[in-house]
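Here is the structure we will look at, set down as structure tokens.
The values are calculated or read from the model by the stated rules, or taken from the named source; none is laboratory data. Just so it is clear, the structure is predicted and the values come from calculations on it, not from any experiment. All Cβ positions, glycine included, derive from the backbone under ideal geometry; neighbour counts span all protein chains shown.
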Amino acid sequence: MHSELLDAWSRFVSRPGHPFTIPGHKQRSGEIWPELGEVNQGDVPLFGGLAPVKTAVSALATAEARTAVRWGADWCRYSTGGSTHANQVLALAVGSPGDEVLVARNAHRSVLSGLLLAGLTPRWISPAVTDGLITGITPAQLRSAVAEWPAARALFLVEPSYLGTLSDRESLIEIAHAAGLAVVVDQAWGAHLGFHPSLPPHALSLGADALVTSAHKNLPAYSQASLVLARTERLSADRLERAFDLSFTTSPAGSILASTDAAVTLLDSEIGRGLLGELVESVAAARTRLRAAGLEVPGPDTHSIDPTKLVIRLPGGGLEIEQDLIAAGLAPEQADETTLIPILTLLDRPSDIERLVEVVLRRKGTPSRPKGQSLTAEWALPPAPMTPRDAFFARTSTVPASDAIGRISAEVIAPYPPGVPVLVPGEEITASTIDLLQAAAAAGVRIAYAADPTLATFQVVEGR
Ligand SMILES: Cc1ncc(COP(=O)(O)O)c(C=O)c1O
């Protein structure tokens, strides 16, 4: 396997010389503080590290162009700002301030921040949620949203969801295109999709116009490594480029870029495919064992779901199992009373996954509390008297929950799972919204993004 950026990184760390460039650690902070030296050791800038300052942009562009080909895209950039930055780039690229866009309500906070920066007005489509598991927005929902909002410019989807589930993406893309919408897919959790015959295809191969994916989530890349890829039939290459550069650091970490390039090289190699195949098999075996012990574990046989995703539903006791896992050195990415989500990638060996399953089965989850109240498809979106952008720029204050009813939210609040925001800035806080959130919190569900996750107080727009 060969990655030019990784080779460049390697050359620099083995013979850095004494560059009179940033970063200021000059690869010699270990001389005064060994641990600082170690942590700075692998930090190589793009400019003056991976390539001379004057040619670095074209060295990076060459690697990005090769990656675009791997996904069948016309345009690709590597971000060191995570999928958060990548989602913001796409929001800045699809329209103009004041435009409407259709957005699946399980959008990540970063999509919302992109809409806010770009001044786009979201018209939400609520994904169906069955027993805490998002099953996606349906073609029928999209058809009626398109009819209701004919001026919308783009459709924003999250595929797969945080829980690995996938909608009928092909139909959604077809409907959106027929209505003249560009389709932007946040595939943060699916960098590996489309790179093994046992895996569902990635969104670009199904016709989407743009895709964001976190190389650091499912691939062996540095934290913050992300990719943004696009086709330029419905999106402008020039606007994409300007949107990216507008919001990107001018001092990118070459180490992150080199690891991104190497990770995608690995992904698209025989070794990568072999590891992905092994991962699919190990997760299937884990699912079988967990199900045999009576646990509910959604899989490709029961849902449209990424086969490498392991979502373990428990009768309760999830937080105790999390403690067992942490004690065993196997900390999961997400745990609440009733759901456990370990992140599994092509770097997990079958024996690692077996160890994880052993620890879960030792306790198996003991019913400790009533099952967390799930959002359902019938959950009604609250009225939105302000746009997210107006609510963001308004003066805000913090009020007790009892005084928040009837006020306008200044914050995003999303119970995870399923990761559907119950409130976004600009929406009215209703009594039923507060009840729903408090019931989820009482059942041990993580209340993400809220300034006060205990929900004792809420951030609201002042004077409204
Ligand atoms: C669906 C989704 N999109 C985007 C992001 C942001 O990704 P990053 O952490 O790479 O900025 C996340 C983070 O978890 C996410 O879950």
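What are the residues in the range 67-80 that are in contact (Cβ under 8 Å) with a residue 60 or more places away in the chain and in a helix (DSSP H, G or I), if any?
67, 68, 70, 71 - these are the residues of the range 67-80 that are in contact (Cβ under 8 Å) with a residue 60 or more places away in the chain and in a helix (DSSP H, G or I).
When only residues in the range 111-137 that are of a type in the set (Ser, Thr, Tyr) and either at pLDDT 95 or above or over 22 Å from residue 167 (Cβ atoms) (or both) count, which is nearest to the chain's Cα centre (by Cα)?
The qualifying residue nearest to the chain's Cα centre (by Cα) is 113.
Specify the residue that is nearest to the ligand (Cβ to nearest atom); the eligible residues are those in the range 176-200 that are of a type in the set (Gly, Ala, Ser), closer than 16 Å to residue 344 by Cα and out of contact with any Leu (no Cβ under 8 Å at 6 or more places or on another chain).
188
Among the residues of the range 206-235, which ones are surrounded by fewer than 15 Cβ atoms within 10 Å (Cβ to Cβ) and away from the ligand (no atom under 11 Å from the Cβ)?
Result: 233, single match.
Are any residues in the range 151-192 surrounded by fewer than 20 Cβ atoms within 10 Å (Cβ to Cβ) and either charged (D, E, K, R) or free of Cβ contacts under 8 Å to residues at least 12 places away in the same chain (or both), and if so, which ones?
153, 168, 170, 174, 178, 180 - these are the residues of the range 151-192 that are surrounded by fewer than 20 Cβ atoms within 10 Å (Cβ to Cβ) and either charged (D, E, K, R) or free of Cβ contacts under 8 Å to residues at least 12 places away in the same chain (or both).
Assuming residue 309 fulfils every condition listed in (1) farther than 25 Å from residue 442 by Cβ; (2) out of contact with any Gly (no Cβ under 6 Å at 6 or more places or on another chain) apart from one, which condition is it?
Result: residue 309 passes all but (2).
Do you know which residues across the range 81-120 are away from the ligand (no atom under 12 Å from the Cβ), under 19 Å from residue 420 (Cβ atoms) and assigned to a strand (DSSP E or B)?
101, 102, 103
Filter the range 165-207 down to the residues that are of a type in the set (Gly, Ala, Ser), part of a loop (DSSP other than H, G, I, E, B) and closer than 19 Å to residue 244 by Cα and list them by number.
188
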